[in-house]
1. So for chain A: antiparallel DSSP bridges make up what percent, rounded to the nearest 5?
2. Give the Kirkwood hydrodynamic radius (Å, one decimal) of the protein assembly as shown, defined as one over the mean of 1/r across all pairs of different Cα atoms.
3. If the only charges are +1 at each Lys and Arg Cβ and -1 at each Asp and Glu Cβ, what is the size of the charge dipole of chain A around the Cα centre, to the nearest 20 debye?
4. Run the Debye formula on the Cα coordinates of region A:34-115, all scatterers equal and no solvent, and tell me log10 I(q)/I(0) at q = 0.14, 0.17 1/Å.
5. In debye, nearest 20: dipole of the protein assembly as shown around its Cα centre with unit charges on the Cβ of K, R (+) and D, E (-)?
6. With +1 on each Lys and Arg Cβ and -1 on each Asp and Glu Cβ, how big is the dipole of region B:33-72 about its Cα centre, in debye rounded to the nearest 20?
7. Relative contact order for region A:40-85: what percent, with Cα pairs under 8 Å and sequence separation of 6 or more?
8. How high is the relative contact order of region A:1-95, in percent, with contacts defined as C-alpha pairs under 8 Å that are six or more residues apart?
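The numbers here are math on the coordinates, done by the rules we state, and not lab data. Keep in mind that this is a model prediction, so the values were computed, not measured. We place every Cβ from the backbone using ideal geometry, glycine too, and count neighbours over all the protein chains shown.
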Amino acid sequence: NAGVTQTPKFQVLKTGQSMTLQCAQDMNHEYMSWYRQDPGMGLRLIHYSVGAGITDQGEVPNGYNVSRSTTEDFPLRLLSAAPSQTSVYFCASSPTGTGRNSPLHFGNGTRLTVT
Amino acid sequence: AQRVTQPEKLLSVFKGAPVELKCNYSYSGSPELFWYVQYSRQRLQLLLRHISRESIKGFTADLNKGETSFHLKKPFAQEEDSAMYYCALSSTRGTASKLTFGTGTRLQVTL
């Protein structure tokens with residue numbers, strides 16, 4: 001079992017460029033989410049999905065788009081990268097939601113630098 | 001809105017000393033709380049959840065609704081406990097389901 005797989009591991013972008021961070025899970029989890037991790041700010045929720053075809057915004061959604069066409073994949077798109085989006089991005093999944101019986105499984109993260 | 005506060009960015013203790021990582025929360029509903037840990041070069045993983053009242057790697061955490069706290073404790077720190085610890089609060093309303101993290105506390109255990 002690969003669990004939650006994120007690609008790429010590292011990425012450098014110039015301001016204004018677009019890119020997609022990939023996230024895939026092979027555990028048949030309904031719930032998937034994206035977080036960004038910044039020093040002194042912990043993990044902040046960007047977007048999440050409770051199932052294929054359903055997405056919703058988290059705490060810091062501006063500048064990011066998501067879609068969930070399959071149960072396995074939950075890509076995060078940066079339409080026009082900005083230096084403020086320099087961060088480490090984590091994808092996480094769980095069987096159903098974030099409740100007591102559904103802990104999150106995290107990927108290894110993508111370190112993004114925007115210059 | 002829900003909020004999780006971890007007041008200490010860094011906690012440094014000697015090996016064998018007791019550890020207490022503080023976590024306070026703000027939530028209007030019935031809280032479901034967790035501790036997650038990130039060891040060096042490893043992915044973030046669940047340490048324990050309040051509902052199970054379990055002890056994992058010697059750590060325990062008790063939910064105190066009166067003080068709105070969920071502090072993580074261990075009687076005797078070990079070197080391998082050095083890591084980043086995050087307290088997290090789950091909120092669910094209809095189909096919306098979110099896990100809100102605190103800012104994290106780095107635990108450093110020294111000899």
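1. Just about 90 percent of them are antiparallel.
2. Mean inverse Cα-Cα distance, inverted, gives 18.0 Å.
3. The calculated dipole for chain A is roughly 320 debye.
4. For region A:34-115, the Cα-only Debye profile gives -0.47, -0.69.
5. Result for the protein assembly as shown is approximately 300 debye, rounded to the nearest 20.
6. Rounded to the nearest 20 debye, it is 220 debye.
7. 28 percent
8. RCO, region A:1-95: 36 percent.
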